[in-house]
Each structure stands twice: as C-alpha cells, then as structure tokens.
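Asker: Questions regarding the structure given below will be posed in turn.
The values are calculated or read from the model by the stated rules, or taken from the named source; none is laboratory data. These numbers were taken from a predicted model, which means no experiment stands behind them. All Cβ positions, glycine included, derive from the backbone under ideal geometry; neighbour counts span all protein chains shown.
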C-alpha cells in the first residue's frame, strides 16, 4: 500500500517542497531543545530551566488581541507550589487535569515562584529522563508538532515496507561501529538520548559522504574511459609566445602550463581547476591554454561573469596575441545588433578562433563550428547549469575553471574531486604592498585630508558600499555616499558612481572615465570586485565592512596597488560585535588568500566561503564538507576501495543510491 497523505499533510509537504517519502525522512531537524530535567533552586533565578511537576489546578483562560490566550497552571514541584504562565497553547488547556505530570521549560522567577512557559510536554510521552525535542524548519501556518507527526508516520511506513534497509555493507558498519540505517533515521527524528543522536548523525553523514565520494569517482572514471586519438599542440609556438613576454613565468605557472599541455595532447578531455590568490597570474595561464587549443585547429571560449571583466579579457588577449594567426572576438549582451550578428556568424563558420564573453555565450543562437576548449573565469559566480551548457556546445570539450578564492587543497579535492587541481602560490610581478586599516566608525571625514592628498597626487580611490539605495537604513548606500561627496567637494573633483542596476553601456563608460583622467573617486557596490583594472587606484574605503565575507574583502582590496605603488585599504565598521572585530582585525593583519580561507573555514558565517557555498556541490542534506572533513576523508578512502566492485551484488543497494544521486545531480558533477 502506498504512503498516503491527509489533505492537511499534502499542504505541508507541498509548502516545504517534500515530494517523496524519502524527502520527508530527509527533512532533518534544525536543532533539538534539551528537556533533560534540572534541579530548581535560587541559583536558577532568571535562567531558562526544565522541570517535571504535577498539575494542581488551572486558571480560567483569558483572551486578548482576538486570537491570543493566556492561562496559569498551578504546579506541585517537590511539594513547592509554582505558577506556570502559559501563552497561546489553547489546544492543551483541556488536557491539563489535576494530577497530570508535565515537563515545563521556561524562564524562572524565584521571588514570584513563577515560570513563563516556553514549552509544555506531557511526561507520559517521554520514556527517559533525557529528552531532546526535534525542532524543524517551519513555514507560515505549519506547527512543529505537525511535522513531528508527519515524519513519524513516514518513518513507520518506511520501516514496515523495508525501505530503510542497510545500504552500507555490514563489514563497513562493523569497522566503523555504525548503527543501522533504520535506527539512524529513527534516532535523528526521535532521539532517546544525546549519545544515540550522535550515533545517528555519524551514520547519516558517513552514508551521504560515501555516496558523494563514489559519485565523484564514478564520474571521473566514466569520463576518462572515453578515449580518442591523441591531439596536437604546437609547443614551439607556445614556447616562442612565452619567450616574447616582458616577464618570466613563475615556477607554479610553468608547472601548470606543462600539466595543461599534457592534458591538451592526451587522449582524454581536460577537466582542471586553477586556483590562486589575486595577482598570481591565472589569466596568463588561461591565455596560453587558449593558444594551445587553437594550434590544434579548435575553437576556444572564455566566459566571464561580468561585461566589464569580459571586455578586459578581450583587450588583454587581443593585445598579447596580435602577432599570432588567431582571430579573437567579444560577445556580450549590449553589442550593436549588426556587430553581434557578425560575431555569431564567425563563431558558427569557424572564422573566429577565440571568443570571450559573458552569459551571452550560452544562448541558443551561439553555435560553434568546432569548440574544443571552455575556460570559466571566476567559476564560482556561475551556476553549475551555466557551466555545463557552454561545455556541451562542443564535443569532448576540454574544461578549465579559474578561481581567485583559494581554498585548502583537502577541501578543493572534496569539492572538485573529479578534477585535476593546479594551485598558483607565487606572484609574477611580486606581491602587491597593500596596507589595511580597521576604522571603528561610520565616516571617512576623520581622514578626508588623506583622501584629498591622494587625489591631488593623481592616485585614484574606490569607495565601496553594501547597497545601492537605502534598502537598509543602517547601512551606507552608493547613492547617498556619492551625493555626500559631490556636495562636500563642490565640483572640485569628479566623483563617479557604479552599481549593478546601471546598463552595461553606463558601466563601461564610467569605468573608462575612471581609468582616464576624468573621474578621481569611484563610489561603487561590489561590481568592481572583478574585472576593473585601474593601475592608478591606490586607495580603497569599504563602508560597513562587517557585511562582507573575508574572502570577498580580500578580493576587493586586490583592485588597488596594481601600478606598483603601496596601496591603503580602510575597513569601516560601527559594529561592537566581538566576532566581527576579531574577523576584521585578522584581515587587517593578513594579506594571504589561503590563510584568509583557512580562517573563514574555522570561523565562517553563512555565505562567507564563496567558493564553497556557491560551488553547487556542497548542497548536502546533513553532512557539512568543512566540519565533517575527517568523515569525508574516511569515506573517500572506502569509496576508492569499493568502486572497482560497485557493480557486484553486495553493493547493489549502494550502487543504486549512487546512480540516483548522479541522475539528480548531473549538472553538479558533470
């Protein structure tokens, strides 16, 4: 018999996006309220406490604000009479009979002998003294108890229907002392105690990470099993190109270029990630890769997340390859129709060898004659589907991803385990000298003289704000800050404005003006984080710095000091939060992208790890690829051992889960 839902439960599952029985069982609690009973005494005054007591009497129920109610439960707690003030639990009122034993959680007032009730539970429902209540993510109109009931019904059905049978072989469960799959799902939703909850999490995390590790391995092996004739790259041409550069490649760049040439001349497609701090020369390696692909009579595409960055790449590639027999074109959304038509025709008939663009490259009307290489810059800014769409415009297309948000190698291998990873540590032109200062305050006026001195010396300034207009009143906006500076300087200096709501033409115009002599100060949102290369810019002021992740702040300050002079970055915050101050103080004293990444990993907040949270891969139901790295490393070792035998009967259930995972996450892994 199929698992059936009442009309109310159908509404709940639809609202929460639960489309199957396993979706319900995988809707794990967000947290657990601990109702282990405590001893109540004078030291409990003002604290949240949990007690077990008997009902003596209940006051009449009072109504207020139309739909709200209040009543008082008189309690016997170890022969001491207490009052429990209850709000809005009307459905419990009739059940609170004299002599009923209850567990109450709430803030205790010792003088009044009163508890303001946060939660009230009938003790007959609790089989142990240690009670952990699961608290689920809720939506409007849905109560926690309704989800508890729904999950319990789903579990009972799945258990009887043998849908929670073990998929991990018994030898592995015994090796790592894992409880059964059935018990894990039971305890995670209905934990008898903290130890069993811990064991439930151990099993579920291991299972999820083992499936993920097997999916990565299977994807990599299947891709590498597709072999074709070895390809050709004109190594002499590449060698001459490198020799013509006005500077030498770093050791890291040389090693990475050699690895890429080996990829491009092998009988298998390249699937590589290059990560490195701002200024480590990823773009030059990408250009050499583009040239290599073109020497094999293949077309190459480089996709960037913004119009500004795409144009910068186009100008750089065109300049560096002007003496090579390759035609380079730009494809962005705001091009004149006739020019765009000409580029599309050149792409389709093969006249264009290298095309640089934005999301425009993945549009249906873009058809390549012979696409052999795709490079994605700032890859974490693209959705996984977008990356896949461009790659599938060619056959056996090589893929190279670039990321300026460096993460530790172990995490990179976890997130991009099906890729080869190259890391650039050295700086070709030397590391930029950027001093960072944390300013506790909201205004730049205490150092406005320094700002004006920079302008007089023809050194340009970025000012970064977290919002365009006053969406949040307590934050600085580019509109307000820009107008304030215009009013302050009274036309003495030209102040530019840049934000995401401007058209591509307007953005291009203001960036060009900032590069030239016209604009002295550019007030902007984070749209300048990538792609704006102004060698005269040596100062950056970031308002409300606490609103940005450390890696993003590091990327932003990478916009200054590009002309060889020392740069200065001011971080302004009015926050008194100790964690905020600790984070920003760390950034003030650290200019190493990898160290910043390590710090983010240990002290991260939501969304701070750009490369992780936006990777599309780290979307686990219960595991956390950062916190559970040790579990993942064990799961990865076991996955390597299992994979050669994955098709065997003993792994059939596990293999089925891997295949279902891949079918659901083809864009993520592919």
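Asker: So which residues in the stretch 516-540 are crowded, with 23+ Cβ neighbours inside 10 Å and under 19 Å from residue 470 (Cα atoms), if there are any at all?
Answerer: Residues satisfying the conditions are 522, 523, 524.
Asker: Under 30 Å from residue 333 (Cα atoms), touching a residue at least 60 places away in the same chain (Cβ under 8 Å) and surrounded by fewer than 17 Cβ atoms within 10 Å (Cβ to Cβ): is that true of residue 513 in this structure? Talk me through it step by step, then tell me what you get.
Answerer: Details: under 30 Å from residue 333 (Cα atoms): yes; touching a residue at least 60 places away in the same chain (Cβ under 8 Å): no; surrounded by fewer than 17 Cβ atoms within 10 Å (Cβ to Cβ): yes.
Here the answer is no, as residue 513 does not meet what is asked.
Asker: Moving on. Which numbered condition in (1) at pLDDT below 90; (2) in contact with a strand residue (DSSP E or B) (Cβ under 8 Å, 6 or more places away or on another chain); (3) crowded, with 16+ Cβ neighbours inside 10 Å is the only one that residue 442 fails?
Answerer: Unmet condition: (3).
Asker: Still on this structure: For residue 302, indicate whether it is under 27 Å from residue 426 (Cβ atoms) and at pLDDT below 95.
Answerer: no
Asker: Right, next: Looking at the stretch 479-510, which of its residues are touching a residue at least 24 places away in the same chain (Cβ under 8 Å), closer than 22 Å to residue 530 by Cβ and surrounded by 15 or more Cβ atoms within 10 Å (Cβ to Cβ)?
Answerer: Once the filter is applied, which keeps residues that are touching a residue at least 24 places away in the same chain (Cβ under 8 Å), closer than 22 Å to residue 530 by Cβ and surrounded by 15 or more Cβ atoms within 10 Å (Cβ to Cβ), the stretch 479-510 yields 481, 482, 496, 497, 498, 499, 504, 507, 508.
Asker: Do any residues in the stretch 534-552 that are assigned by TED's automatic domain parsing to the domain that holds residue 578 and free of Cβ contacts under 8 Å to residues at least 12 places away in the same chain have Cβ atoms under 9 Å from those of residues that are surrounded by fewer than 21 Cβ atoms within 10 Å (Cβ to Cβ) and assigned to a strand (DSSP E or B), where the two are at least six apart or on different chains, and which pairs are they?
Answerer: From residues that are assigned by TED's automatic domain parsing to the domain that holds residue 578 and free of Cβ contacts under 8 Å to residues at least 12 places away in the same chain, there are no pairs.
Asker: Assuming residue 163 fulfils every condition listed in (1) assigned to a helix (DSSP H, G or I); (2) over 30 Å from residue 118 (Cβ atoms); (3) in contact (Cβ under 8 Å) with a residue 12 or more places away in the chain apart from one, which condition is it?
Answerer: It fails just one condition, (1).
Asker: Let me ask something additional. Could you tell me whether the stretch 98-106 includes any residue that is assigned to a helix (DSSP H, G or I), surrounded by 15 or more Cβ atoms within 10 Å (Cβ to Cβ) and touching a strand residue (DSSP E or B) at 6+ places or on another chain (Cβ under 6 Å)? Before the answer, list the steps.
Answerer: Pass one, the stretch 98-106, residues assigned to a helix (DSSP H, G or I): none.
Checking the stretch 98-106: not a single residue is assigned to a helix (DSSP H, G or I), surrounded by 15 or more Cβ atoms within 10 Å (Cβ to Cβ) and touching a strand residue (DSSP E or B) at 6+ places or on another chain (Cβ under 6 Å).
Asker: Restricting attention to the stretch 113-130, does a residue exist that is surrounded by 18 or more Cβ atoms within 10 Å (Cβ to Cβ) and more than 27 Å from residue 187 (Cβ to Cβ)?
Answerer: Scanning the stretch 113-130, I find at least one residue that is surrounded by 18 or more Cβ atoms within 10 Å (Cβ to Cβ) and more than 27 Å from residue 187 (Cβ to Cβ), so the answer is yes.
Asker: I would also like to ask the following. Kindly indicate whether any position in the stretch 52-71 is loosely packed, with under 15 Cβ neighbours inside 10 Å, under 30 Å from residue 159 (Cβ atoms) and in contact (Cβ under 8 Å) with a residue 40 or more places away in the chain.
Answerer: No; the residues of the stretch 52-71 include none that is loosely packed, with under 15 Cβ neighbours inside 10 Å, under 30 Å from residue 159 (Cβ atoms) and in contact (Cβ under 8 Å) with a residue 40 or more places away in the chain.
Asker: Which condition does residue 552 not pass, out of (1) within 20 Å of residue 277 (Cα to Cα); (2) buried (at least 22 other Cβ atoms within 10 Å of the Cβ), if it passes all the others?
Answerer: (2)
Asker: Continuing with this model, one more query. If residue 333 satisfies every condition in (1) buried (at least 21 other Cβ atoms within 10 Å of the Cβ); (2) closer than 25 Å to residue 511 by Cβ; (3) under 30 Å from the mean Cα position of the chain (by Cα) but one, which is the exception?
Answerer: Checking residue 333 against (1) buried (at least 21 other Cβ atoms within 10 Å of the Cβ); (2) closer than 25 Å to residue 511 by Cβ; (3) under 30 Å from the mean Cα position of the chain (by Cα), the one that fails is (1).
Asker: Okay, moving on. I'm trying to understand the selection: among the residues of the stretch 24-47, which are modelled with pLDDT of 90 or more and under 35 Å from the mean Cα position of the chain (by Cα)?
Answerer: In the first step, residues of the stretch 24-47 are kept if they are modelled with pLDDT of 90 or more; the result is 24-32, 45-47.
24, 25, 26, 27, 28, 29, 30, 31, 32 - these are the residues of the stretch 24-47 that are modelled with pLDDT of 90 or more and under 35 Å from the mean Cα position of the chain (by Cα).
Asker: Got a sec? Which of 179, 142, 216, 226 is in a loop (DSSP other than H, G, I, E, B), modelled with pLDDT under 95 and outside the structural domain of residue 18 (by TED's automatic domain parsing)? Don't jump to the end; show me each part of the working.
Answerer: Numbers: 179 fails: modelled with pLDDT under 95; 142 fails: outside the structural domain of residue 18 (by TED's automatic domain parsing); 216 fails: in a loop (DSSP other than H, G, I, E, B).
After ruling out the rest, the residue left standing is 226.
Conditions tested, residue by residue: (1) assigned to a strand (DSSP E or B); (2) more than 36 Å from the chain's Cα centre (by Cα); (3) not assigned by TED's automatic domain parsing to the domain that holds residue 41.
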| site | (1), (2), (3) |
| --- | --- |
| 108 | yes, yes, no |
| 112 | no, yes, no |
| 116 | yes, yes, no |
| 119 | yes, no, no |
| 124 | no, yes, no |
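Asker: Can you find even one residue in the stretch 268-276 that is buried (at least 19 other Cβ atoms within 10 Å of the Cβ) and assigned to a loop (DSSP other than H, G, I, E, B)? Before the answer, list the steps.
Answerer: Step one: of the stretch 268-276, the residues buried (at least 19 other Cβ atoms within 10 Å of the Cβ) are 269-276.
Narrowing the set further to residues that are assigned to a loop (DSSP other than H, G, I, E, B) leaves 269-270.
Yes: the stretch 268-276 contains one or more residues that are buried (at least 19 other Cβ atoms within 10 Å of the Cβ) and assigned to a loop (DSSP other than H, G, I, E, B).
Asker: State whether the residues of the stretch 320-339 include one that is assigned to a helix (DSSP H, G or I), in contact with a helix residue (DSSP H, G or I) (Cβ under 8 Å, 6 or more places away or on another chain) and under 27 Å from residue 258 (Cβ atoms). First the steps, then the outcome.
Answerer: At the first step, the residues of the stretch 320-339 found to be assigned to a helix (DSSP H, G or I) are 320, 337-339.
In the following step, the residues that additionally are in contact with a helix residue (DSSP H, G or I) (Cβ under 8 Å, 6 or more places away or on another chain) were identified as 320.
Still in the running and under 27 Å from residue 258 (Cβ atoms): 320.
Within the stretch 320-339 (the criterion being assigned to a helix (DSSP H, G or I), in contact with a helix residue (DSSP H, G or I) (Cβ under 8 Å, 6 or more places away or on another chain) and under 27 Å from residue 258 (Cβ atoms)), the answer is yes, since at least one residue qualifies.
Asker: Answer yes or no as to whether residue 363 is under 27 Å from residue 266 (Cβ atoms) and either assigned by TED's automatic domain parsing to the domain that holds residue 506 or at pLDDT below 95 (or both).
Answerer: no
Asker: Can I ask one more? Give the residue, chosen from 317, 308, that is in a helix (DSSP H, G or I) and modelled with pLDDT of 95 or more.
Answerer: Values: 308 fails: modelled with pLDDT of 95 or more.
After applying the criteria, what remains is 317.
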